[in-house]
Structure formats: structure tokens, C-alpha cells
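The values are calculated or read from the model by the stated rules, or taken from the named source; none is laboratory data. All values reported here derive from a predicted model rather than from experimental measurement. Ideal geometry is used to build each Cβ from the backbone, glycine not excepted, and the neighbour counts take in all protein chains shown.
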Amino acid sequence: MTSLTTSLDNVASIAADALIVGWTADGMAHHPQLPEDAAAAIAADAEALDASAKAGSVVVVPGTSVAARRVVVVGIGSGSEADLRLAAGEASRQVGKKPATVVVALPAEGDAAVAVAQGAVLGAYTFTDYKSAEDAAVETHWVIAGASDQAIERATILVAAVAGVRDLVNTPPLDLFPGSFAEIAQQLGAQTGVDVRVWEAQELANEGFGGILAVGMGSSRLPRLVRLAYAPEGASQTVALVGKGITFDTGGISLKPPKSMETMKSDMTGAAVVLHTVIAAAQAQLPIAVTGWLCIAENMPSGTAQRPSDVIRIYGGTTVEVLNTDAEGRLVMADGLVRACEEDPTLVLDVATLTGAQGAALGTRTSGVMGTPEIRDEVVSAANEVDEAMWAMPLPEHLRAGIDSKVADLQNMGDPQGGGMLTAGIFLREFVGDTPWGHLDIARPSYNEGKPWAENPAGSTGHSVRTLFRFLERRATE
């Protein structure tokens, strides 16, 4: 739990568990709220420990010259938003155990102050819901020195959205399943005035949502489709967001190796991102309409599970031959895309942990973005503005023939020689018609299996929330 505020006080006089200050190639980064005598004393201690200006490089010195118990001195590199966010994230993990108050005095104004606040709070994020009482988190009060009230308000909304995604993804699948996920969406909608509708299994069957049903039919915990709608008065555009929500993915009958299942609670990240992006848009009162579609199922092997060679009928009538039940995300997303486009939005974006091929092509930190070229490039531009790594990828037409089926309209697997991320995008393109569309494959960046870095902890990162929110902000100002 955290709270964010600003302060115009002398930061040397604020009693805190830690004070975070910046370091440049010229020494201490100037901050108007840190007196020169305190800055000089901190600088002398930091120099003795070989402080570095490299963004994210940290040394910790005692708070002998300030009211804080310790001072975390962090390199801020070029002082760009990206370097400041990284620096705040790395520094936040050195503020001590269970801090009650942390003061951040990095040189930042406007959007840079938002970046600092995000980096600090998100870098310190921990998931302790299943820890014993002595290991449980405490509420930390973060003071971003000199930030405007507007910056604090915006940072608070975005931090809550990213942390909300992380909380959902880190929750074990024993407790987060289609029904409970839908209930959480309903609760958040009620709190923020966002309209929420839930389709349960019988309604999905009655209305022909064959993809979601087929993927979820092997589990005793039946699938759901959730629609969220934020519709401010006078909005001239509607952006539809569609998220993959596989609460656990065994691969189904096409069973994954055990090691590959260890992180599969994260296969619902896309739906979590969509949920919290819609909620954030409502909290920020963006003047743009946003609908969110959560395609939620648990992919399990059982006597009722779909089989390789089954033919299913997607919402709207397209038939798909299922060659591999572990290529399930595109099946639930197909239902969601058709239904979202049925409402004639201005454009549709989908976000999904869709393919292992994404990581093979782009690594663990960069997502692939495909779709209508103009929309694809607009998403990448928004990502660049908020320092989330995304790369524009093509949809080569020669791969289209690979998803032709001998017995159905399409098959859910393509050319085994490669291009799996692109083929999955081509498959999804079949379900958007003429609607301008973007597809984000966030498979590896969404879940950090390594050590923490910048503002990203181990486990769920909340990747793509900030990009989608920035995309909506830009659209709203057009």
C-alpha cells in the first residue's frame, strides 16, 4: 500500500526513513529544496563511496546531515524522463525495510515528475498477500519534492493501474479464475462508475462465443466474457480494448512441459491491462469513450477439453480447426475482437501474452506491435513517449496461406518454420474486418523471470498500461 504527495518544504528537515537524491557527472544534482550545506555533506560522503552518474547506480550514506535516517544517492544519467524513472526505481529498493516515509528529491518537473513518482513507487512494489504477518507490506508515504498537484494526481492514477495489474497477475490461479476475475471487474466498475456486463457460460453458448467456450470447456471453472464501458458525455471517439485472460494455461490436451507452466498464471495479463486501463481512463476523466473486453478462460486438460482436430465456430460464424490446443489465446481473442468491432468503435486494440515467438524475436523486454500500419505506429509512438519498449512488426502476406484449413475456414496454427508471432497477428486480423486495429504481443515483457530492474520487480511488470493510457490521452486531445 502506498500514498503519494508533494512538498515544498526543505527536504533536509523532513523526518523520513530515506531521502533519495540525484548524482550527475558534476556531482550532486541540484534540487532547490535541498540546502547547499546539506548537499555538500551528502556529496562528500557519496564521493567517498565512488558515486556514479550512470543512471540507476546507487550508493547509500547515513543521514547525518539531514533528518532522514539514510540518504540514497542515485545516478541520473542524462536527466531524461527515462533515466529519471530508472534511477527512481533502482533507488527505491534501497530505502530500507518497511519504510513509513520516503522523500524523493530528484530534479524533475511536469511529466518528468510523473516519471519519478512512477519509478519510485513501482520500483518498490512487492506482492505480499500470501506472506505471513511479519513479512506483510506496510503503507509507505512517498513525498515527491517539488512536484505539482497535477503531476501527483496523474502519477497516482497510473501507479494504481500498473500495481493493480501486478496484483492480479501475481495472484495464484487457485484464487484468480474466470469467475473471481469477473467479480473483481464488477467491483472496480462499481467503485469508478464504469458500466460492467458479464457473460457466463450459458450466455456465451446461447450467443455463439465458440472460441472462449472451447478453450474453457476443459476446466470445472467455466469461462466468462466481461465488457467494461466508460462513456463520458460528448466523446467523439470510442477506443475498444480487447484483452486475453487465460487465468492458467496448461496448454490443454496439447500439454505444456512442466517448466513452461510455472509462469502461466501470467497468461491473463492482457485482460488485467485492459481492465485497469479502462478504470484509469475513468479516474482521469479522459474525454474519450473506452470499452474493454476481457476474454477469460482457464485452459485445462480433462474429459471435456477441446481436442486437436476439433472445429469450433467463432462468434460471428468463422470456423476454426484447432490443431494445437496450446494456441488458445487467439481463439478467445477472436471472439472478443468480433464482438468489440460489432459496436463500430473508432478503432480496436488488443493486448495479449500471445506467443512464445515474441520472446524469441524480440527478447524479454520488447513487445511486438502489429496491425493497421497507422494504428501500429501510433501505439509505438505512445510507447516511446512513456519509455515502454515496443517495436513495430510486419504482417507478411505470404504467411496468410499457412492458416488455411482443409476442413474449416481457418486453422489455429501456421507455418512451423517460424514467424509464429506474425502468424498469430495475421490470424487475429481475420476478425477485425475494416476496423482500424492494433495488436500488442506482450508475452515476455509482461512477466519478469529475472532480477528487478528500473521500476520492474520480479514477477508481473504491468507492462503496456502506461502505453495504452498515453495512447488514449493523445486520442482524447485530437
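Below is a table of values for the structure above.
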read-out: Total residues in the stretch 409-460, condition farther than 29 Å from residue 172 by Cα, charged (D, E, K, R) and touching a strand residue (DSSP E or B) at 6+ places or on another chain (Cβ under 9 Å); value: 3
read-out: Any hit, the stretch 413-421, residues being in contact with a helix residue (DSSP H, G or I) (Cβ under 9 Å, 6 or more places away or on another chain) and in a helix (DSSP H, G or I); value: yes
read-out: Residues that are under 13 Å from residue 104 (Cα atoms) and out of contact with any strand residue (DSSP E or B) (no Cβ under 8 Å at 6 or more places or on another chain), drawn from the stretch 31-52; value: 32
read-out: In the stretch 365-386, residue surrounded by the fewest Cβ atoms within 10 Å (Cβ to Cβ) [restricted to those that are β-branched (Val, Ile, Thr) and within 25 Å of residue 448 (Cβ to Cβ)]; value: 366
read-out: Selection from the stretch 120-155 of residues that are closer than 17 Å to residue 81 by Cα and touching a strand residue (DSSP E or B) at 6+ places or on another chain (Cβ under 9 Å); value: 120, 121, 122, 123, 144, 145, 146, 147, 148, 151, 152, 155
read-out: Residues located in the stretch 36-52, provided they are touching a Ser or Thr at 6+ places or on another chain (Cβ under 9 Å) and in a loop (DSSP other than H, G, I, E, B); value: 51
read-out: Residue 166, sole failed condition from (1) touching a Ser or Thr at 6+ places or on another chain (Cβ under 6 Å); (2) among the charged types (D, E, K, R); (3) without any contact (Cβ under 8 Å) to a residue 40 or more places away in the chain; value: (3)
read-out: Test: residue 336 is over 17 Å from residue 247 (Cα atoms), within 20 Å of the chain's Cα centre (by Cα) and in contact (Cβ under 8 Å) with a residue 60 or more places away in the chain; value: no
read-out: Tally, over the stretch 457-468, of residues that are farther than 22 Å from residue 331 by Cα, buried (at least 24 other Cβ atoms within 10 Å of the Cβ) and not basic (Lys, Arg); value: 7
read-out: All positions within the stretch 1-27 that are touching a helix residue (DSSP H, G or I) at 6+ places or on another chain (Cβ under 7 Å) and touching a residue at least 40 places away in the same chain (Cβ under 8 Å); value: 2, 4, 5, 6, 12, 19, 20, 21, 22, 23
read-out: Entirely in the stretch 112-228, the helices (runs of 4 or more DSSP H) that have 1 or more residues that are farther than 30 Å from residue 303 by Cα; value: 149-170, 178-192
read-out: Residue within the stretch 289-306 that is under 20 Å from the mean Cα position of the chain (by Cα), surrounded by 23 or more Cβ atoms within 10 Å (Cβ to Cβ), over 12 Å from residue 244 (Cα atoms) and of a type in the set (A, V, I, L, M, F, W, C) present; value: yes
read-out: Residue within the stretch 248-261 that is farther than 22 Å from residue 447 by Cβ, modelled with pLDDT of 95 or more, surrounded by fewer than 21 Cβ atoms within 10 Å (Cβ to Cβ) and of a type outside the set (D, E, K, R) present; value: yes
read-out: Residue check for residue 339: in contact with a helix residue (DSSP H, G or I) (Cβ under 8 Å, 6 or more places away or on another chain), assigned to a helix (DSSP H, G or I) and not aliphatic (A, V, I, L, M); value: no
read-out: So residue 105, is it in the same structural domain as residue 9 (by TED's automatic domain parsing), modelled with pLDDT of 95 or more, in contact with a His (Cβ under 7 Å, 6 or more places away or on another chain) and within 30 Å of residue 32 (Cα to Cα); value: yes
read-out: Whichever residue in the stretch 132-188 is of a type in the set (Gly, Ala, Ser) and closer than 19 Å to residue 469 by Cα and, among such residues, is surrounded by the most Cβ atoms within 10 Å (Cβ to Cβ); value: 185
read-out: Filter result for residue 55 (modelled with pLDDT under 95 and assigned to a loop (DSSP other than H, G, I, E, B)); value: no
read-out: Sole residue being under 30 Å from residue 151 (Cβ atoms), surrounded by 24 or more Cβ atoms within 10 Å (Cβ to Cβ) and touching a residue at least 24 places away in the same chain (Cβ under 8 Å), chosen from 351, 320; value: 351
read-out: Positions within the stretch 387-437 being touching a residue at least 40 places away in the same chain (Cβ under 8 Å), buried (at least 19 other Cβ atoms within 10 Å of the Cβ), farther than 30 Å from residue 470 by Cβ and not hydrophobic (A, V, I, L, M, F, W, C), in sequence order; value: 411, 412
